[in-house]
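**Student:** Sharing a structure here in structure tokens format.
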DNA sequence: TTGATAGGCAAGTCATTGCTTGCCTATCGT
DNA sequence: ACGATAGGCAAGCAATGACTTGCCTATCAA
């Protein structure tokens with residue numbers, strides 16, 4: 001639902017996670033944790049990130065594939081594109097001049 | 001800030017308000033209240049809507065102009081367009097084929 | 001000037017949510 | 001088999017946020 005997409009985007013940490021996945025797709029939970037700590041100085045527990053990833057996944061923004069004991073997370077921008085044109089009027093400012 | 005834009009979009013009532021303003025720009029607080037009640041069945045107090053409008057305004061999504069005792073609210077989609085391309089990869093799905 | 005209309009301010013309530021802590025399951029390497 | 005690694009589940013806490021209630025200011029019409 002669009003509902004979940006907006007709620008998922010409301011948290012800054014979740015947006016950081018999306019930023020990470022844009023830069024490198026298919027990361028595991030522990031990789032994302034390490035990246036957030038080293039690159040952004042975020043000192044969050046593993047569970048916190050895990051819960052954020054669950055929110056992103058149930059919003060459809062992140063897709064996961066399991067492989068052995070690893071769970072890789074991939075970004076999915078398709079829900080974004082469907083939702084973002086909602087308030088762009090036809091006569092509004094040009095999006096692609 | 002982009003921060004405020006996402007938080008502003010997180011609430012369903014605020015998104016309804018934006019929907020209302022897309023349909024008809026320059027509404028007053030009372031008009032928006034009436035519209036939300038009649039069209040969407042939302043039974044919210046005037047202050048609730050007023051607070052939502054304040055959030056939208058401080059996010060830059062709504063611009064206001066005062067005229068006598070009336071305060072007209074106009075939609076401003078510019079903050080949206082700056083924020084929405086954040087996770088769209090260059091090699092990702094085509095946004096404008 | 002008086003009453004009615006349009007809006008603002010502030011405190012208080014109640015639910016949501018982000019985060020932690022503690023424990024448990026599953027897979028891999030040796 | 002055993003320990004180590006990758007992840008999951010669930011209860012609890014503290015902070016944020018949405019909404020209400022009550023009162024106050026400002027503009028306009030009569």
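Each reported figure results from applying straightforward, stated rules to the coordinates on display, with no laboratory input. This is a predicted model, so every value here is computed, not measured. In this analysis, Cβ positions are derived from the backbone assuming ideal geometry, glycine residues included, and neighbour counts consider all displayed protein chains.
**Student:** Go through the range A:54-89 and give me each residue that's surrounded by 13 or more Cβ atoms within 10 Å (Cβ to Cβ), within 13 Å of DNA strand D (Cβ to nearest atom), farther than 19 Å from residue A:11 by Cα and free of Cβ contacts under 8 Å to residues at least 40 places away in the same chain.
**Tutor:** Answer for the range A:54-89, where residues must be surrounded by 13 or more Cβ atoms within 10 Å (Cβ to Cβ), within 13 Å of DNA strand D (Cβ to nearest atom), farther than 19 Å from residue A:11 by Cα and free of Cβ contacts under 8 Å to residues at least 40 places away in the same chain: just A:64.
**Student:** Taking the range A:1-24 as the search range and keeping residues that are loosely packed, with under 14 Cβ neighbours inside 10 Å and not in a helix (DSSP H, G or I), which one is nearest to DNA strand C (Cβ to nearest atom)?
**Tutor:** Checked the range A:1-24; the qualifying residue nearest to DNA strand C (Cβ to nearest atom) is A:1.
**Student:** Quick check: is even one residue across the range A:28-35 more than 14 Å from chain B (Cβ to nearest Cβ), touching a strand residue (DSSP E or B) at 6+ places or on another chain (Cβ under 6 Å), over 23 Å from residue B:4 (Cα atoms) and part of a loop (DSSP other than H, G, I, E, B)?
**Tutor:** yes
**Student:** Just one of the numbered conditions (1) more than 10 Å from DNA strand D (Cβ to nearest atom); (2) closer than 25 Å to residue B:81 by Cα; (3) more than 11 Å from chain B (Cβ to nearest Cβ); (4) not in a loop (DSSP other than H, G, I, E, B) is not true of residue A:39; which one?
**Tutor:** Just one mismatch for residue A:39, condition (2).
**Student:** Continuing with this model, one more query. How about the range B:32-53: which of its residues are under 9 Å from residue B:73 (Cβ atoms) and without any contact (Cβ under 8 Å) to a residue 40 or more places away in the chain?
**Tutor:** Step one: list which residues in the range B:32-53 are under 9 Å from residue B:73 (Cβ atoms), which gives B:32, B:53.
Matches in the range B:32-53: B:53 only.
**Student:** Hey, any hits in the range A:70-86 for a residue that's touching a strand residue (DSSP E or B) at 6+ places or on another chain (Cβ under 6 Å), outside any helix (DSSP H, G or I) and under 30 Å from residue B:22 (Cα atoms)?
**Tutor:** Yes: one or more hits.
**Student:** Next question. Do we find that residue A:1 is facing chain B (nearest Cβ under 8 Å), closer than 21 Å to residue B:5 by Cα and out of contact with any helix residue (DSSP H, G or I) (no Cβ under 6 Å at 6 or more places or on another chain) in this structure?
**Tutor:** So residue A:1 fails the test.
**Student:** Going by the structure shown, is residue A:25 farther than 17 Å from residue A:84 by Cα, without any contact (Cβ under 8 Å) to a residue 24 or more places away in the chain, out of contact with any helix residue (DSSP H, G or I) (no Cβ under 7 Å at 6 or more places or on another chain) and within 11 Å of chain B (Cβ to nearest Cβ)? Show your work before the answer.
**Tutor:** Numbers: farther than 17 Å from residue A:84 by Cα: yes; without any contact (Cβ under 8 Å) to a residue 24 or more places away in the chain: no; out of contact with any helix residue (DSSP H, G or I) (no Cβ under 7 Å at 6 or more places or on another chain): yes; within 11 Å of chain B (Cβ to nearest Cβ): yes.
The answer is no for residue A:25.
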